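Here's the structure we're looking at; comments come further down.
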Amino acid sequence: MALAVIKFAIIGLIIAGLIFRTKETVSLLAVGGFITLISTHPIIGFGLLGLIVLGFFIKKPKKVEQVAASPAPDPG
């Protein structure tokens, strides 16, 4: 009975996290899934990790251009 209550509480926290903090909850679930993948299938997990890292190195970040601030209009 106690385990059922604990499982229900965890499911409730995940659902609340998906509603209120979607990005953080999904990324945390993805990290947990990736750790599980590496622990069960290390070759596939590390291969996927290598592809992800390679993708980050290949993708060039967008350059942020400096926009000159225009002077404030003269009230007079």
- Task: Output the residues belonging to the stretch 11-35 that are exposed (fewer than 10 other Cβ atoms within 10 Å of the Cβ) and farther than 28 Å from residue 50 by Cα.
- Result: 19, 20
- Query: Under 7 Å by Cβ, and 6 or more places apart or on different chains, what pairs join a residue from the stretch 35-47 that is without any contact (Cβ under 8 Å) to a residue 60 or more places away in the chain with one that is open to solvent by 100 Å² or more (accessible area, probe 1.4 Å)?
  - Reply: 37/44; 38/46
- Among the numbered criteria (1) open to solvent by 100 Å² or more (accessible area, probe 1.4 Å); (2) in contact with a Phe, Trp or Tyr (Cβ under 9 Å, 6 or more places away or on another chain), which single criterion is violated by residue 45? (1)
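The values are calculated or read from the model by the stated rules, or taken from the named source; none is laboratory data. This one's a predicted model, so the numbers in the text were calculated from it and none came from an experiment. Note that each Cβ is placed from the backbone with ideal geometry, even for glycine, and that neighbours are counted across all protein chains shown. For accessibility, only protein heavy atoms count, side chains too; no ligands or nucleic acids. Shrake-Rupley method; radii C 1.70, N 1.55, O 1.52, S 1.80 Å.
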